[in-house]
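Readers should treat all values here as calculations from the given coordinates under stated rules, not as data from a laboratory. Worth saying up front: this structure is predicted, and the values here are computed from it rather than measured. Here the Cβ positions follow ideal geometry from the backbone for every residue, glycine too, while neighbour counts run over all protein chains shown.
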Amino acid sequence: MVKGSVHLLLFLYLSAISVGIAGRVVPLHEPFDKSTFSRSFSSIFDTSKYGILQLNNGLARTPQMGWNSWNFFACNINETVIKETADALVSTGLADLGYVYVNIDDCWSSLVRDSKGQLVPDPKTFPSGIKALADYVHAKGLKLGIYSDAGIFTCQVRPGSIYHERDDAELFASWGVDYLKYDNCYNLGIKPKERYPPMRDALNATGRTIFYSLCEWGVDDPALWAGKVGNSWRTTDDINDSWASMTTIADLNDKWAAYAGPGGWNDPDMLEVGNGGMTLEEYRAHFSIWALMKAPLLVGCDVRNITAETFEIIGNKEVIDINQDSLGIQGRKVHVSGKDGCRQVWAGPLSGHRLVVALWNRCSKAATITVGWEVLGLESSMSVSIRDLWKHEDLSGDAVASFGSRVAVHDCEMYIFTPVSASRSAV
Ligand code: GLA
């Protein structure tokens, strides 16, 4: 079969995913291109919930990208750190790659509200106030994020926003804030489903476009309801800078793959790349899998002092492009083999009739990982051209039926698979 006609069939398949008038994406599964994808394709990459729940506030058409203070600085933040970070995002080129949100986490505010009941930036660490910081960040073409809590205190015992939603949202909007991370501590035992919508409504009422990031740690299965509330929702407890934490969180987040889509994303927490607790291979895996899972890409290291190795990972444009792909379907774990299932294949559909495929070695030594077309929902006769996103090269010769590679311990190789034609015998 000639290449052109395969592309036409693929186009017809992808045309079956129609975009509604309000920008909401409605999945239609049939007909799909049977010469490329097998019947199992739509069950492997189940998108039955894709696009049906998402908020439509115009934000998060692709996962948010930026930086957050918590993973590296915890409470040791001040306005100088935030400004220098904004400077560094620009000077390193990370901003140009899409990392535009500069998000201040917990500890920016004073321990008590003022006499009028308003939140006050800590005068010692943020003496110029948040508006000045927002102006500074905006002048660099970046956006400013802030943090509060759907409870009476934040996790570090600053005032929370429950019962102050209107006041606090108006204050954030008046400062020029673009993003709110809304945490879950000191929540009075009230269900997240009751505590998170009032802040959505308060943010909407300000008239300012503010990204709403829910952080209820996955306690009430937010993938099932938070799409109508926010632009992303944490699916797990906090990440820490270790292999055990990162792999556990990846698996927990994977469960909710069918619920992500443009407008609302599963959030397996922020990146630890560059913080020192994992090997470079492990960080490469962390970044690859977060990108493939359409996770928010929020850098969590000190970008003012970023090393070349860290930049090579979080600055990999080809991997970022997987995360920001316009189709917006969360990739997932599609096959495991070996001891404890440590040889893993993760994959997902991409725009342009392509697939992203990651071979992730979670075993304790180097291993060969092979992916058969059947686990990708590809017809076994398909010829596939393959690009390696970490080596930045096209592999010579197309693959048919399967593809394997020797993967270093804990490393993750990442490829784009482009079906090019069915082999002669299948035509
Ligand atoms: C919680 C959140 C973290 C961070 C801290 C700040 O643990 O899940 O991401 O915001 O609070 O105190």
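Here are some notes:
- The sole residue among 146, 152 that is within 16 Å of the ligand (Cβ to nearest atom), among the β-branched types (Val, Ile, Thr) and surrounded by fewer than 22 Cβ atoms within 10 Å (Cβ to Cβ) is 152.
- Checking residue 257 against (1) under 13 Å from the mean Cα position of the chain (by Cα); (2) among the small types (Gly, Ala, Ser); (3) farther than 12 Å from residue 295 by Cα, the condition it does not meet: (3)
- Per-region count, segment 290-329, residues touching a helix residue (DSSP H, G or I) at 6+ places or on another chain (Cβ under 8 Å) and not in a loop (DSSP other than H, G, I, E, B): 16
- Pairs with Cβ under 8 Å, 6+ apart, first in segment 83-101 and over 10 Å from residue 299 (Cβ atoms), second part of a loop (DSSP other than H, G, I, E, B) and among the basic types (Lys, Arg): 86/140; 87/140; 90/140; 95/140
- Extreme residue, surrounded by the most Cβ atoms within 10 Å (Cβ to Cβ), among residues of segment 70-115 that are closer than 18 Å to residue 232 by Cα and out of contact with any Lys or Arg (no Cβ under 8 Å at 6 or more places or on another chain): 104
- Of the helices (runs of 4 or more DSSP H) that lie entirely inside segment 164-212, those containing 1 or more residues that are touching a Pro at 6+ places or on another chain (Cβ under 8 Å) span 165-175, 192-195.
- Segment 255-289, residues that are closer than 12 Å to residue 235 by Cβ and part of a helix (DSSP H, G or I): 257, 259
- Filtered residues of segment 221-248 (kept if under 16 Å from residue 288 (Cα atoms) and surrounded by 24 or more Cβ atoms within 10 Å (Cβ to Cβ)): 246
- Scan of segment 393-402 for residues that are under 19 Å from residue 360 (Cβ atoms) and either outside any strand (DSSP E or B) or touching a residue at least 40 places away in the same chain (Cβ under 8 Å) (or both), ordered by number: 395
- If only residues of segment 187-220 that are among the hydrophobic types (A, V, I, L, M, F, W, C) and buried (at least 23 other Cβ atoms within 10 Å of the Cβ) are counted, the one that is nearest to the ligand (Cβ to nearest atom) is 215.
- Summed over segment 372-387, the residues that are assigned to a strand (DSSP E or B) and touching a helix residue (DSSP H, G or I) at 6+ places or on another chain (Cβ under 9 Å) give a count of 4.
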